[in-house]
Amino acid sequence: MYDPKGNGKDKAVPEVQFVEAEPPSHLRGIVHRFLELKTDGTLLADYRFHALPDACAYIVFDQLDRKVAGVSKLRAESEEFNLGKRFHFVNIRFLPGVWQGDEAQVSHGMVDAPYAGDLPLLDINRDLSDCGFVDQQAILSQLVEALIDAKLVAPNPVTEKVFQHLDDIHTVADMAELSDLSTRQLQRTLKRTTGFAPHDFLKILRLQQALNGKDTWSYADQSHFIHSFRKATGYTPGKYSRKFDV
């Protein structure tokens, strides 16, 4: 099953806390994880967060500035963000392809501006600030349930089939066949629901499998894998594992 590694945490900064929690069972076809990322005090230097390509949509809440929240996605390559010396974020990481809302409301990269959309994210951000991460998960679950009722998020049968048969997929044609779609239908469906073309989506799946310690299947050879990994992350696999925890 697809288990995206959404970040690389610098091994040299133990004061940065990153916690993941599974959603309730009835939301697991929609939500991958609830996340908390924060500093323990004030860091001596700015912290650069290495966000890995994972094809997921996020709802981001800035707990230090309650006006800052929003929906975010990443592109097919990793991005690094300067979070400064002190930060506290609470996020929902959705599974790829489940976000059905208006793409115009989705930013690419870290959310860093006051929210001006129609969702009640600012009210929720205030509610989140009154409790710890364990209690926050109930608030986040209620938000997801409201998004389901509003048809802004929904299970994606195409990506679900892809995830169930990852080990059998080596090409875009394999992905289309296992999804019971033509290549053109797959192109339209993935572009609409994930924002990625099938080739880029498959590249992200391969990278995530490698980050999970799985065999580098679907790469023609080791040099091809290293080239693809460096293009997506900016590092060779060896340098990445020495610098980051994933």
Exactly one of (1) within 25 Å of Val158 (Cβ to Cβ); (2) at pLDDT below 85; (3) open to solvent by 20 Å² or more (accessible area, probe 1.4 Å) is unmet by Gly101. Its number?
(3)
Tell me yes or no: at least one residue of the stretch 161-184 is under 16 Å from His32 (Cβ atoms) and open to solvent by 60 Å² or more (accessible area, probe 1.4 Å).
yes
Answer yes or no as to whether Asp130 is over 25 Å from Gly29 (Cβ atoms), among the charged types (D, E, K, R) and open to solvent by 70 Å² or more (accessible area, probe 1.4 Å).
yes
For the structure I just gave you, tell me whether Leu27 is closer than 19 Å to Glu145 by Cβ and out of contact with any strand residue (DSSP E or B) (no Cβ under 8 Å at 6 or more places or on another chain).
yes
Out of Glu22, Glu36, I need the residue that is at pLDDT 90 or above, within 17 Å of the chain's Cα centre (by Cα), open to solvent by less than 20 Å² (accessible area, probe 1.4 Å) and among the acidic types (Asp, Glu). Which one?
Glu36
Flag if Glu160 is acidic (Asp, Glu), under 20 Å from Ala57 (Cα atoms), in contact (Cβ under 8 Å) with a residue 60 or more places away in the chain and in contact with a helix residue (DSSP H, G or I) (Cβ under 8 Å, 6 or more places away or on another chain):
no
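Which of the residues that make up the stretch 60-84 are of a type outside the set (Gly, Ala, Ser), more than 20 Å from Ile204 (Cβ to Cβ) and at pLDDT below 95?
Asn82, Leu83 - these are the residues of the stretch 60-84 that are of a type outside the set (Gly, Ala, Ser), more than 20 Å from Ile204 (Cβ to Cβ) and at pLDDT below 95.
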Could you list, in sequence order, the residues of the stretch 144-159 that are surrounded by fewer than 19 Cβ atoms within 10 Å (Cβ to Cβ) and either charged (D, E, K, R) or in a helix (DSSP H, G or I) (or both)?
Glu145, Ala146, Ile148, Asp149, Lys151, Pro157
Of all residues in the stretch 47-91 being part of a loop (DSSP other than H, G, I, E, B), in contact with a Ser or Thr (Cβ under 6 Å, 6 or more places away or on another chain) and among the small types (Gly, Ala, Ser), which is least open to solvent (accessible area, probe 1.4 Å)?
Ala55
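Would you call Gly117 buried (at least 20 other Cβ atoms within 10 Å of the Cβ), assigned to a loop (DSSP other than H, G, I, E, B) and small (Gly, Ala, Ser)? So that I can check it myself, show each step before the final result.
Numbers: buried (at least 20 other Cβ atoms within 10 Å of the Cβ): no; assigned to a loop (DSSP other than H, G, I, E, B): yes; small (Gly, Ala, Ser): yes.
No: the conditions fail for Gly117.
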Which pairs turn up if I take residues in the stretch 33-53 that are at positive phi and look for partners that are surrounded by fewer than 19 Cβ atoms within 10 Å (Cβ to Cβ) and not in a strand (DSSP E or B) with beta carbon separation below 9 Å, at least 6 apart in sequence or on another chain?
Gly41/Glu15; Gly41/Arg86
Could you list all residues from the stretch 36-80 that are farther than 20 Å from Gln105 by Cα and either among the β-branched types (Val, Ile, Thr) or outside the structural domain of Ile92 (by the TED database) (or both)?
Thr39, Thr42
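The values are calculated or read from the model by the stated rules, or taken from the named source; none is laboratory data. Only a predicted model underlies this, so the values are computations on that prediction, with no experimental measurement involved. Positions of Cβ are generated from backbone atoms using ideal geometry, with glycine treated the same way; all protein chains shown enter the neighbour counts. Accessible surface areas use protein heavy atoms only, side chains included; no ligands, DNA or RNA. Shrake-Rupley method; radii C 1.70, N 1.55, O 1.52, S 1.80 Å.
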